[in-house]
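The values are calculated or read from the model by the stated rules, or taken from the named source; none is laboratory data. Remember, it's a predicted structure, so these values are computed and weren't measured experimentally. Positions of Cβ are backbone-derived with ideal geometry, glycine not excepted, and every protein chain shown enters the neighbour counts.
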Amino acid sequence: MTCIEKGIDYELVPVAYGSEAHGQIHPFRRMPILEIDGAMMPETLAITGHLDEAFPGASLQPEDHAARARMRIWMAVCSDYLFRDVVRTIPRDRPPTNEELATAATALGRAEELMDGDAFLAGEQLTLADLYLAPQIANCGEKTPALLDGLEAINAWARLMGERESFKLTAP
Ligand SMILES: N[C@@H](CCC(=O)N[C@@H](CS)C(=O)NCC(=O)O)C(=O)O
């Protein structure tokens, strides 16, 4: 999504997941990994920040200090809490337990409370935080749509994100 929002050409390259070769380009054998200028860069935060800063086009990080902090709050929430409690906790290969559902629902409820009525997470401008949260909410919607019931602010924001070309073109 970040590449598309910035107008950067990219190619998705398969990797032998968990292999030694994978370990050589990501020490923890995860995704994503950006290959750029002959170097391999792991980790979403580093990758999306680099794409935004190293390429021309409208910035995806606000100039205003408070808005930038708000973007980082959301990115921390995505990275630390929603990724762990929603994306990782809700399984794909079996129905979730009640405990797993409760863990995810608590995290989503707290995220809902953090929404403050702006069009995007850090204000009226799209930022890296929106591009981080959108796939996480889509992941939840694929696996357990009922968890999103009643989360009005998150659902309104997700509808807006779902209309973007960058979302449609990268749909799972
Ligand atoms: N902190 C890492 C997390 C990376 C991560 O866990 N990625 C997931 C995909 S979204 C993954 O590789 N999962 C497969 C696995 O854990 O084996 C980042 O933000 O890049």
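May I ask you to say which residue of I47, I33, I25 is more than 10 Å from the ligand (Cβ to nearest atom), of a type in the set (V, I, T), under 24 Å from Q136 (Cβ atoms) and at pLDDT 95 or above?
So the residue among I47, I33, I25 that is more than 10 Å from the ligand (Cβ to nearest atom), of a type in the set (V, I, T), under 24 Å from Q136 (Cβ atoms) and at pLDDT 95 or above is I25.
Would you call V77 surrounded by fewer than 20 Cβ atoms within 10 Å (Cβ to Cβ), hydrophobic (A, V, I, L, M, F, W, C) and not in a loop (DSSP other than H, G, I, E, B)?
Considered against the rule, which asks whether it is surrounded by fewer than 20 Cβ atoms within 10 Å (Cβ to Cβ), hydrophobic (A, V, I, L, M, F, W, C) and not in a loop (DSSP other than H, G, I, E, B), V77 comes out as no.
Among the residues of the stretch 33-51, write down those that are touching a helix residue (DSSP H, G or I) at 6+ places or on another chain (Cβ under 6 Å) and more than 15 Å from A129 (Cα to Cα).
Selection gives I33, L34, M40, M41.
Answer yes or no as to whether L82 is within 15 Å of the ligand (Cβ to nearest atom), under 13 Å from the mean Cα position of the chain (by Cα), closer than 23 Å to R164 by Cα and in a helix (DSSP H, G or I).
Considered against the rule, which asks whether it is within 15 Å of the ligand (Cβ to nearest atom), under 13 Å from the mean Cα position of the chain (by Cα), closer than 23 Å to R164 by Cα and in a helix (DSSP H, G or I), L82 comes out as yes.
So which residues in the stretch 112-157 are within 23 Å of P95 (Cβ to Cβ), assigned to a helix (DSSP H, G or I) and of a type in the set (A, V, I, L, M)?
I137, A138, A146, L147, L148, I154
Considering each residue of the stretch 112-146, count those that are surrounded by fewer than 16 Cβ atoms within 10 Å (Cβ to Cβ), of a type in the set (A, V, I, L, M, F, W, C) and farther than 12 Å from W157 by Cβ, and give that number.
Of the residues in the stretch 112-146, 1 are surrounded by fewer than 16 Cβ atoms within 10 Å (Cβ to Cβ), of a type in the set (A, V, I, L, M, F, W, C) and farther than 12 Å from W157 by Cβ.
Inspect all residues belonging to the stretch 103-115 and state whether any of them is closer than 23 Å to T48 by Cβ, touching a residue at least 60 places away in the same chain (Cβ under 8 Å) and within 17 Å of the chain's Cα centre (by Cα).
Looking for residues that are closer than 23 Å to T48 by Cβ, touching a residue at least 60 places away in the same chain (Cβ under 8 Å) and within 17 Å of the chain's Cα centre (by Cα), one finds none in the stretch 103-115, hence no.
Can you run down the residue pairs with Cβ atoms below 6 Å, 6 or more apart or on separate chains, where the first is in the stretch 64-92 and assigned by TED's automatic domain parsing to the domain that holds T144 and at negative phi and the partner is in a loop (DSSP other than H, G, I, E, B) and of a type in the set (S, T, Y)?
Every condition considered, the pairs that remain are M71/T127; I90/T144.
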